[in-house]
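Working notes, beginning with the structure itself.
The values are calculated or read from the model by the stated rules, or taken from the named source; none is laboratory data. Keep in mind that what you see is a predicted model, and the values were worked out from it rather than measured. For neighbour counting, all protein chains shown are included, and Cβ atoms are generated from backbone atoms with ideal geometry for every residue, glycine included. Ligands, DNA and RNA are stripped out before the accessible areas are found, and what is left, the full protein with its side chains, is counted by its heavy atoms. Shrake-Rupley method; radii C 1.70, N 1.55, O 1.52, S 1.80 Å.
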Amino acid sequence: MSETRQRDQQQPRPTGFEALKQHVIANKLETTQWVSRVLTIYFALSYVLPFLYGNPVNAYYKVLMANAATSAIRLHQRLPPFQLSRNYMQQMLLEDSCHYLFFSLIFLYVYPMLLIILPVILFSILHSTSYSLTLLDTLGQNSWWGARLLISVVEFQTRNILRLAAFSEIIIMPLSVLLVFLGKAGIMTPLVYYQFLVLRYSSRRNPYTRNVFHDLRLVAENFANGTSTPPILRKALQGSIGLISRLAPPTQVQPQPQQQQQ
């Protein structure tokens, strides 16, 4: 028994691509999520730069489908086995991955716009770079230093990325209403998206949507109370602030800012 143990200890640990292969085999779901996020970024670039894929409209909708796949895998990891019960549904709706699964379904048949997929792109960049560092570590601590530099830049900007994603979520609400009047979206789109925004506002892990709403309210109130603000505009702003405040759901949990687990 001791000889076998000594022989195992003497065997060198796999390095390089062999170590990467073993890591992928041992972490299939995490690696699949990473691939789907990288595909999300690729299709997003293909939508902006059509020569990468050929059909920007198809690339746009594949961004949403890749995001739906990522969210579904993440949701599968976080939830217990499926149960047809109210408690299970409530637990599912609390998960951020569930929110963005709904997001993809909401806009799958809406007119393509870059702003709509912006939060999806930002989350994909944030989470794919995080796991890319894990993959690079399996290759060796000093491998691919250029990629590591880019990852460090993204990690340094994590807070700003999450704030921009939250701001995008909020701005998409009036945009969805505008798209209805332009005939680019169905009448149910803003109604369903409002429910998505309520879930984001009440998120347990990601307070950024809630915080950005608060910051926007402060900016609007300061502008409305300014001496140079016309009375009509002041009244309109105060009415809008009151309406949005009444529509906001009550929240009891106020977590500290952290990276969202989409």
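Brief remarks on what is shown
- FRET efficiency for the residue 245 to residue 194 pair, using the beta carbon distance and R₀ = 25 Å, is estimated at 0.95.
- For region 110-177, convex hull volume per residue from C-alpha positions, Å³: 84
- Two-decimal Rg/Rh across the chain, once Rg and the Kirkwood Rh are taken from alpha-carbon atoms: 1.06
- Look at the alpha carbon pairs under 8 Å that are at least 6 residues apart: their mean separation over the length of the chain gives a relative contact order of 19 percent.
- Three-way shape call for region 35-88 based on the alpha-carbon gyration tensor, with the a/c threshold at 1.5: prolate
- Listed values for region 122-132 are Karplus-derived 3J(HN,Hα) couplings in whole Hz (6.51 cos²θ - 1.76 cosθ + 1.60, θ = phi - 60°), namely 5, 5, 5, 4, 4, 7, 5, 5, 4, 6, 4, and x replaces Gly and Pro.
- Couplings for region 110-116, taken from phi via the Karplus curve 6.51 cos²θ - 1.76 cosθ + 1.60 with θ = phi - 60°, read 9, 4, x, 8, 4, 4, 5 Hz in order; Gly and Pro are left as x.
- Burial ranking of peptide ranges 119-126, 200-207 (average Cβ count within 10 Å, highest at the top): 119-126, 200-207
- Where the Cα pairs of region 140-202 fall when distances are cut into 5 Å bins, in %: 4, 16, 17, 13, 11, 9, 9, 9, 7, 4, 1
- Mean residue ellipticity (222 nm) of the chain, computed from DSSP H runs ≥ 4 via -39,500 (n - 2.57), nearest 500: -24500 deg cm²/dmol
- Between residue 180 and residue 28, the FRET efficiency from the beta-carbon distance, with R0 = 25 Å, is close to 0.05.
- Magnitude of the charge dipole, the chain, Cβ model with Lys/Arg +1 and Asp/Glu -1, debye to 20: 400
- Distance between the modelled labels on residue 85 and residue 38, one decimal in nanometres: 4.0 nm (7 Å Cα→Cβ projection).
- Potential lengthening between residue 133 and residue 55 on full extension [0.36 nm per residue; Cα-Cα distance subtracted]: 24.9 nm
- Using the Cβ-Cβ distance between residue 214 and residue 21 with R0 set to 30 Å, the FRET efficiency works out to roughly 0.05.
- Region 219-228 - phi-based ³J(HN,Hα) in whole Hz, Karplus 6.51/-1.76/1.60, Gly and Pro as x: 4, 5, 5, 4, 5, 5, 8, x, 5, 8
- Stokes-Einstein translational diffusion, region 185-226 - Kirkwood Rh over all Cα pairs, 0.692 mPa s, 37 °C, in µm²/s: 277
- Rounded percent of accessible protein surface that carbon and sulfur make up, the chain, 1.4 Å probe: 64
- Whole-number D in µm² s⁻¹ for region 75-147, Kirkwood Cα-pair radius fed into Stokes-Einstein, 37 °C, 0.692 mPa s: 215
- Alpha-carbon centroids, region 58-131 and region 152-193: separation in whole Å: 14
- Solvent-accessible area per residue in the chain equals 60 Å², computed with a 1.4 angstrom probe and all protein chains kept.
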